[in-house]
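> Sharing a structure below in structure tokens format, with a few things to ask.
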Amino acid sequence: MRALAIVHQPDAGPGVFADPFTAHPDWELVPWMIADDPEPPLDPDRCDAVMTFGGAMHADQEDAYPWLADEKRLLAELLADGTPLLGVCLGAQLLAAAAGTDPHRAPAPEIGWFDVDVTAAGATDPLLAALAPRFSAFEWHSYEIPLPHGATALARSERVLQAYRIGDRAWGIQFHAEVSAQDVDEWILGYHSDEDALALGLDWPALRDRTRERIEAWNALGRGLADRFLTCVAASVRAPS
């Protein structure tokens, strides 16, 4: 079985979501740096699943990043075909846009650790149920996702929607369950490249210390979420049409 990982920048790839693929030898994860290569390394229509990850760009910046429009079209096609999908942060915003909603700037960014409440629907969801009723999540985003029409809200922070499901094969999560210890350290040290982090007056040493204390448990949570996604995909492949 093969999954395509759409990557928007080198330090925002699959992270610990790649680990379950090592544990399941019947799975292969194939990365695609879409900003560098307009052609995927394998046909997305022939993939068993597609995951799309984060990035410093925003979902509505198609003038600066023309490939964003191409990715939205691809995700819309995959949604229509019933391909299992998982979007993270920017990827979740692009997936929501492909489903017909318009991600936009949030009233305030979320950068750091924030409490997230799992909804009643999330408490029975195959990916999110294990996180109910509440968990603390690492966030780094300035945009929010309106719930796509017909989608199910799975988790929310005090400020924004944090997770949703479209049908029974596509999920979006706003929080960074995938981020590795190395990547998150680079994000924090490079916070000055993010205008919103600068405007917040981010206390990066405090965030770095807090993250180092929490990252091991957070990575375990992320691996579990990714593993449950693979389980859902395998079940959908086995299910009769």
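> Filter the range 77-123 down to the residues that are out of contact with any strand residue (DSSP E or B) (no Cβ under 8 Å at 6 or more places or on another chain), in a loop (DSSP other than H, G, I, E, B) and not charged (D, E, K, R) and list them by number.
G82, G100, T101, A120
> Out of A18, A23, report the one residue that is over 25 Å from R73 (Cβ atoms) and at pLDDT 95 or above.
Numbers: A23 fails: at pLDDT 95 or above.
The conditions single out A18.
> Taking the range 192-212 on its own, how many of its residues are surrounded by 11 or more Cβ atoms within 10 Å (Cβ to Cβ) and at positive phi?
0
> Right, A235: surrounded by fewer than 21 Cβ atoms within 10 Å (Cβ to Cβ), modelled with pLDDT under 95 and among the aliphatic types (A, V, I, L, M) or not? Walk me through it before giving the result.
Working: surrounded by fewer than 21 Cβ atoms within 10 Å (Cβ to Cβ): yes; modelled with pLDDT under 95: yes; among the aliphatic types (A, V, I, L, M): yes.
For A235, the condition - surrounded by fewer than 21 Cβ atoms within 10 Å (Cβ to Cβ), modelled with pLDDT under 95 and among the aliphatic types (A, V, I, L, M) - is met.
> Okay, moving on. Look through the range 94-107, keep the residues that are within 19 Å of L200 (Cβ to Cβ), at pLDDT 95 or above and of a type outside the set (K, R), and return whichever of them is surrounded by the fewest Cβ atoms within 10 Å (Cβ to Cβ).
First, the residues of the range 94-107 that are within 19 Å of L200 (Cβ to Cβ): 104-107.
Adding the requirement that they be at pLDDT 95 or above leaves 104-106.
Now narrow it down to the ones that are of a type outside the set (K, R): 104, 106.
Values: H104: 13, A106: 16.
Among them, the one singled out is H104.
> What number goes with the only condition from (1) surrounded by fewer than 23 Cβ atoms within 10 Å (Cβ to Cβ); (2) over 24 Å from D194 (Cα atoms); (3) out of contact with any Gly (no Cβ under 7 Å at 6 or more places or on another chain) that A130 does not pass?
(3)
> Could you check, for the range 141-164, whether at least one of its residues is of a type in the set (A, V, I, L, M), closer than 27 Å to R214 by Cβ, in a loop (DSSP other than H, G, I, E, B) and out of contact with any Pro (no Cβ under 8 Å at 6 or more places or on another chain)? Full working, then the answer.
Our first condition is that a residue be of a type in the set (A, V, I, L, M); within the range 141-164, this holds for 145, 147, 151, 153-155, 160-161, 163.
Restricting the remaining residues to those that are closer than 27 Å to R214 by Cβ gives 145, 153-155, 160-161, 163.
Subset that is in a loop (DSSP other than H, G, I, E, B): 145, 160.
Those left that are additionally out of contact with any Pro (no Cβ under 8 Å at 6 or more places or on another chain): 160.
Taking every residue of the range 141-164 in turn, at least one turns out to be of a type in the set (A, V, I, L, M), closer than 27 Å to R214 by Cβ, in a loop (DSSP other than H, G, I, E, B) and out of contact with any Pro (no Cβ under 8 Å at 6 or more places or on another chain).
> Looking at the range 112-123, is at least one residue buried (at least 22 other Cβ atoms within 10 Å of the Cβ) and within 13 Å of A59 (Cα to Cα)? Working first, answer last.
Step one: filter the range 112-123 for residues buried (at least 22 other Cβ atoms within 10 Å of the Cβ), giving 116, 118, 122.
Next, from what is left, pick out any that are within 13 Å of A59 (Cα to Cα): none.
No.
> Can you tell me how many residues in the range 144-172 are in contact with a Lys or Arg (Cβ under 8 Å, 6 or more places away or on another chain) and surrounded by fewer than 22 Cβ atoms within 10 Å (Cβ to Cβ)?
Of the residues in the range 144-172, 2 are in contact with a Lys or Arg (Cβ under 8 Å, 6 or more places away or on another chain) and surrounded by fewer than 22 Cβ atoms within 10 Å (Cβ to Cβ).
> I'd like to check something: does the range 30-39 contain any residue that is in contact with a Lys or Arg (Cβ under 8 Å, 6 or more places away or on another chain) and closer than 26 Å to A137 by Cα?
Pass one, the range 30-39, residues in contact with a Lys or Arg (Cβ under 8 Å, 6 or more places away or on another chain): 30.
Among the residues that remain, those that are also closer than 26 Å to A137 by Cα are: none.
Looking for residues that are in contact with a Lys or Arg (Cβ under 8 Å, 6 or more places away or on another chain) and closer than 26 Å to A137 by Cα, one finds none in the range 30-39, hence no.
> Working only within the range 165-178, note down all residues that are touching an Asp or Glu at 6+ places or on another chain (Cβ under 9 Å) and either of a type in the set (D, E, K, R) or in a loop (DSSP other than H, G, I, E, B) (or both).
Initial filter on the range 165-178 (touching an Asp or Glu at 6+ places or on another chain (Cβ under 9 Å)): 165, 171, 174-176.
R165, Q174, F175, H176, listed by residue number.
> I'd like the residue in the range 179-202 that is part of a loop (DSSP other than H, G, I, E, B) and without any contact (Cβ under 8 Å) to a residue 40 or more places away in the chain and, out of all such residues, is farthest from the chain's Cα centre (by Cα). Break it down stepwise before answering.
First pass over the range 179-202, keeping only residues part of a loop (DSSP other than H, G, I, E, B): 179-180, 190, 194, 201-202.
Imposing the further condition that a residue be without any contact (Cβ under 8 Å) to a residue 40 or more places away in the chain reduces the set to 190, 201.
On the way: G190: 21, G201: 25 Å.
Once the filter is applied, the top-ranked residue is G201.
> Further question on the same structure: Criterion first (in a strand (DSSP E or B) and either among the aliphatic types (A, V, I, L, M) or buried (at least 16 other Cβ atoms within 10 Å of the Cβ) (or both)) does R223 satisfy it?
Numbers: in a strand (DSSP E or B): no; either among the aliphatic types (A, V, I, L, M) or buried (at least 16 other Cβ atoms within 10 Å of the Cβ) (or both): yes.
Spelling it out, it is not the case that R223 is in a strand (DSSP E or B) and either among the aliphatic types (A, V, I, L, M) or buried (at least 16 other Cβ atoms within 10 Å of the Cβ) (or both).
> With respect to R214, is the statement that it is farther than 13 Å from L128 by Cα, of a type in the set (K, R) and touching a helix residue (DSSP H, G or I) at 6+ places or on another chain (Cβ under 8 Å) true? Please lay out each step first, then the result.
Details: farther than 13 Å from L128 by Cα: yes; of a type in the set (K, R): yes; touching a helix residue (DSSP H, G or I) at 6+ places or on another chain (Cβ under 8 Å): no.
Here the answer is no, as R214 does not meet what is asked.
The values are calculated or read from the model by the stated rules, or taken from the named source; none is laboratory data. All figures in this text were calculated on a predicted structure; none of them were measured in a lab. Heads up, the Cβs are rebuilt from the backbone with ideal geometry, glycines too, and the neighbour counts pull from every protein chain shown.
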